[in-house]
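Here the structure comes first, spelled out in C-alpha coordinates, and everything after it is commentary.
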Amino acid sequence: YIVCDVDPSSGAIFANNPHDNEFSNHVAFADFNCTDDRTFTCSRREFLGRNGQYANPEAFRRRGLSRKGGTGQDPCAVLQTSVVLEVGEEIEIAFLLGQTPTREAARELTLRFRNIAVVKESLKSVIDDWQRLASVIQVKTPEPAMNILMNQWLFYQTLSCRYWSRTAFYQSGGAYGFRDQLQD
(Lines give C-alpha, C1' and ligand atoms only; values in the text may rest on other atoms or scores of the structure.)
Protein backbone atom coordinates (compact mmCIF):
# COMPACT_ATOMS: atom_id res chain seq x y z
CA TYR A 1 0.00 0.00 0.00
CA ILE A 2 2.98 2.34 0.06
CA VAL A 3 2.87 5.17 -2.45
CA CYS A 4 6.40 6.21 -3.36
CA ASP A 5 7.06 9.07 -5.77
CA VAL A 6 9.03 12.26 -6.29
CA ASP A 7 7.66 15.51 -4.97
CA PRO A 8 7.47 17.86 -7.97
CA SER A 9 8.35 20.95 -5.92
CA SER A 10 11.46 19.64 -4.15
CA GLY A 11 12.63 16.64 -6.17
CA ALA A 12 12.80 14.55 -2.99
CA ILE A 13 11.33 11.05 -2.84
CA PHE A 14 8.20 10.98 -0.70
CA ALA A 15 6.55 7.81 0.57
CA ASN A 16 3.37 7.28 2.52
CA ASN A 17 0.76 4.66 3.25
CA PRO A 18 -2.72 6.16 2.77
CA HIS A 19 -4.30 3.02 4.25
CA ASP A 20 -2.57 3.27 7.64
CA ASN A 21 -5.07 4.13 10.37
CA GLU A 22 -2.77 6.36 12.43
CA PHE A 23 -0.19 7.72 10.00
CA SER A 24 -1.92 7.97 6.62
CA ASN A 25 -0.94 11.63 6.20
CA HIS A 26 2.65 11.19 7.41
CA VAL A 27 5.39 11.31 4.80
CA ALA A 28 8.76 9.58 4.82
CA PHE A 29 11.30 11.27 2.60
CA ALA A 30 14.75 10.81 1.09
CA ASP A 31 16.81 13.52 -0.51
CA PHE A 32 20.33 14.80 -1.08
CA ASN A 33 21.74 18.19 -1.86
CA CYS A 34 22.88 17.42 -5.44
CA THR A 35 20.41 18.94 -7.84
CA ASP A 36 22.31 18.41 -11.12
CA ASP A 37 22.07 15.16 -13.06
CA ARG A 38 19.57 13.73 -10.54
CA THR A 39 17.63 10.59 -11.36
CA PHE A 40 15.63 8.26 -9.17
CA THR A 41 13.58 5.11 -8.93
CA CYS A 42 11.06 3.90 -6.40
CA SER A 43 11.29 0.33 -7.73
CA ARG A 44 13.42 -2.12 -5.77
CA ARG A 45 13.43 -4.43 -8.78
CA GLU A 46 14.95 -1.73 -10.96
CA PHE A 47 17.52 -0.92 -8.30
CA LEU A 48 18.59 -4.52 -7.69
CA GLY A 49 18.04 -5.83 -11.22
CA ARG A 50 16.70 -9.23 -12.18
CA ASN A 51 17.87 -11.75 -9.58
CA GLY A 52 19.86 -8.85 -8.11
CA GLN A 53 21.79 -8.78 -4.90
CA TYR A 54 22.06 -5.99 -2.34
CA ALA A 55 25.83 -6.47 -2.44
CA ASN A 56 25.93 -5.65 -6.15
CA PRO A 57 22.80 -3.80 -7.33
CA GLU A 58 22.33 -3.29 -11.05
CA ALA A 59 21.70 0.44 -10.58
CA PHE A 60 25.37 0.88 -9.59
CA ARG A 61 26.42 -0.29 -13.03
CA ARG A 62 24.36 2.19 -15.03
CA ARG A 63 23.97 5.89 -15.32
CA GLY A 64 20.45 7.18 -15.03
CA LEU A 65 17.37 5.60 -13.51
CA SER A 66 13.84 5.38 -14.94
CA ARG A 67 12.18 7.94 -12.61
CA LYS A 68 9.61 5.27 -11.83
CA GLY A 69 7.27 5.94 -8.92
CA GLY A 70 3.74 5.19 -7.83
CA THR A 71 2.20 2.03 -6.46
CA GLY A 72 2.07 -1.63 -7.43
CA GLN A 73 5.74 -2.38 -6.93
CA ASP A 74 8.16 -3.31 -4.21
CA PRO A 75 8.86 0.27 -3.09
CA CYS A 76 12.19 1.79 -2.17
CA ALA A 77 13.87 5.18 -2.46
CA VAL A 78 16.91 5.42 -4.74
CA LEU A 79 18.49 8.71 -5.73
CA GLN A 80 21.37 8.78 -8.18
CA THR A 81 23.71 11.46 -9.44
CA SER A 82 27.09 11.66 -11.14
CA VAL A 83 29.82 13.93 -9.85
CA VAL A 84 33.00 14.71 -11.75
CA LEU A 85 35.86 16.01 -9.64
CA GLU A 86 39.01 17.69 -10.85
CA VAL A 87 42.32 16.70 -9.27
CA GLY A 88 42.36 17.99 -5.69
CA GLU A 89 38.73 19.13 -5.83
CA GLU A 90 36.37 18.30 -2.96
CA ILE A 91 32.60 18.23 -2.73
CA GLU A 92 30.30 17.67 0.23
CA ILE A 93 27.07 15.77 -0.28
CA ALA A 94 24.42 15.63 2.43
CA PHE A 95 21.87 12.81 2.47
CA LEU A 96 18.57 13.39 4.23
CA LEU A 97 16.17 10.75 5.54
CA GLY A 98 13.20 11.67 7.66
CA GLN A 99 9.50 11.59 8.37
CA THR A 100 7.02 14.40 8.98
CA PRO A 101 3.29 14.70 9.66
CA THR A 102 2.64 16.46 6.32
CA ARG A 103 3.94 16.76 2.77
CA GLU A 104 4.44 20.47 3.29
CA ALA A 105 6.69 19.90 6.31
CA ALA A 106 8.71 17.30 4.38
CA ARG A 107 9.09 19.69 1.45
CA GLU A 108 10.24 22.52 3.74
CA LEU A 109 12.87 20.31 5.41
CA THR A 110 14.26 18.91 2.17
CA LEU A 111 14.60 22.36 0.62
CA ARG A 112 16.17 23.85 3.76
CA PHE A 113 18.75 21.08 4.10
CA ARG A 114 19.96 21.39 0.50
CA ASN A 115 22.19 24.15 1.88
CA ILE A 116 25.36 22.46 3.21
CA ALA A 117 25.87 25.31 5.72
CA VAL A 118 22.46 24.53 7.25
CA VAL A 119 23.40 20.83 7.41
CA LYS A 120 26.66 21.59 9.21
CA GLU A 121 24.98 23.99 11.63
CA SER A 122 22.32 21.41 12.45
CA LEU A 123 24.89 18.65 12.93
CA LYS A 124 26.91 20.85 15.27
CA SER A 125 23.77 21.60 17.26
CA VAL A 126 22.96 17.89 17.59
CA ILE A 127 26.52 17.04 18.67
CA ASP A 128 26.51 19.88 21.21
CA ASP A 129 23.15 18.71 22.63
CA TRP A 130 24.36 15.12 22.98
CA GLN A 131 27.59 16.22 24.65
CA ARG A 132 25.59 18.36 27.08
CA LEU A 133 23.28 15.45 27.90
CA ALA A 134 26.05 12.86 28.14
CA SER A 135 28.32 14.99 30.31
CA VAL A 136 25.90 15.00 33.25
CA ILE A 137 27.12 11.60 34.45
CA GLN A 138 30.56 10.25 33.54
CA VAL A 139 31.96 6.81 34.28
CA LYS A 140 35.75 6.58 34.47
CA THR A 141 37.47 3.21 34.36
CA PRO A 142 41.02 2.14 33.47
CA GLU A 143 39.63 0.81 30.16
CA PRO A 144 39.08 3.54 27.50
CA ALA A 145 36.73 1.33 25.46
CA MET A 146 34.51 0.83 28.52
CA ASN A 147 34.42 4.61 29.09
CA ILE A 148 33.26 5.23 25.52
CA LEU A 149 30.65 2.48 25.81
CA MET A 150 29.32 3.72 29.14
CA ASN A 151 29.51 7.46 28.53
CA GLN A 152 28.40 7.64 24.93
CA TRP A 153 27.01 4.59 23.20
CA LEU A 154 24.86 3.04 25.96
CA PHE A 155 23.62 6.48 27.03
CA TYR A 156 22.59 7.26 23.45
CA GLN A 157 20.93 3.85 23.00
CA THR A 158 18.97 4.16 26.24
CA LEU A 159 17.65 7.65 25.56
CA SER A 160 16.98 7.40 21.85
CA CYS A 161 15.62 3.85 21.76
CA ARG A 162 14.04 3.28 25.13
CA TYR A 163 12.79 6.62 26.39
CA TRP A 164 12.13 8.56 23.21
CA SER A 165 11.14 5.79 20.79
CA ARG A 166 9.91 3.08 23.18
CA THR A 167 11.72 0.42 21.19
CA ALA A 168 15.13 -1.16 20.71
CA PHE A 169 16.89 -3.26 18.12
CA TYR A 170 16.24 -6.45 20.05
CA GLN A 171 12.64 -5.87 21.14
CA SER A 172 9.77 -3.55 20.26
CA GLY A 173 7.46 -3.27 23.24
CA GLY A 174 6.16 0.25 22.75
CA ALA A 175 5.38 0.60 26.44
CA TYR A 176 4.92 3.99 28.09
CA GLY A 177 6.30 5.07 31.44
CA PHE A 178 9.32 4.45 33.61
CA ARG A 179 8.18 1.11 35.07
CA ASP A 180 7.17 -0.30 31.69
CA GLN A 181 10.48 0.73 30.17
CA LEU A 182 12.39 -0.97 32.98
CA GLN A 183 10.35 -4.14 32.44
CA ASP A 184 11.03 -4.06 28.71
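The values are calculated or read from the model by the stated rules, or taken from the named source; none is laboratory data. None of these values were measured; they are calculated from a predicted model. Glycine also receives a Cβ, built like all others from the backbone with ideal geometry; neighbour counts cover every protein chain displayed. Just so you know, the surface numbers come from the protein's heavy atoms only, side chains and all, with ligands and any DNA or RNA stripped out. Shrake-Rupley method; radii C 1.70, N 1.55, O 1.52, S 1.80 Å.
How much of the accessible area of the chain, in percent, comes from carbon and sulfur atoms when a 1.4 Å probe is used? Ligands and nucleic acids excluded, carbon and sulfur give 56 percent. Within the chain, the longest segment free of exposed loop sites, counting GluC sites (Glu not before Pro) that fall outside DSSP classes H, G, I, E and B and have at most 15 other Cβ atoms within 10 Å, spans 93-184. Loop-located chymotrypsin sites (Phe, Trp or Tyr not before Pro) in segment 1-62 (DSSP state other than H, G, I, E, B) with a sparse environment of at most 13 neighbouring Cβ atoms within 10 Å: TYR1, PHE23, TYR54. This model, with +1 at the C-beta of Lys and Arg and -1 at the C-beta of Asp and Glu, gives segment 1-141 a dipole about its Cα centre of some 340 debye. Only helices enter this figure: runs of n ≥ 4 DSSP H residues, each worth -39500 (n - 2.57), summed and divided by the residues of the chain, yield -7000 deg cm²/dmol at 222 nm to the nearest 500. Surface analysis of the chain yields an accessible area of 69 Å² per residue, using protein heavy atoms and a 1.4 Å probe. Counting Lys and Arg as +1 and Asp and Glu as -1 over every other residue whose Cβ lies under 15 Å from the Cβ of ASN151, the net charge comes to +1.
Comparing LEU133, LEU111, LEU48 in a Gaussian network model of the chain where C-alpha atoms under 10 Å apart are linked, the largest mean-square fluctuation is found at LEU133.
Applying a 4.7 Å cutoff between beta carbons, the unpaired cysteines of the chain are CYS34, CYS76, CYS161.
When a/c is below 1.5 the answer is rounded, else prolate if a/b is larger than b/c, else oblate, so apply that to segment 117-166 with a ≥ b ≥ c taken from the square roots of the Cα gyration tensor eigenvalues. It would help to have the intermediate numbers written out before the result.
Details: a/c = 2.55, a/b = 1.48, b/c = 1.72.
Oblate shape, in that a/c is at least 1.5 and b/c is the bigger or equal ratio.
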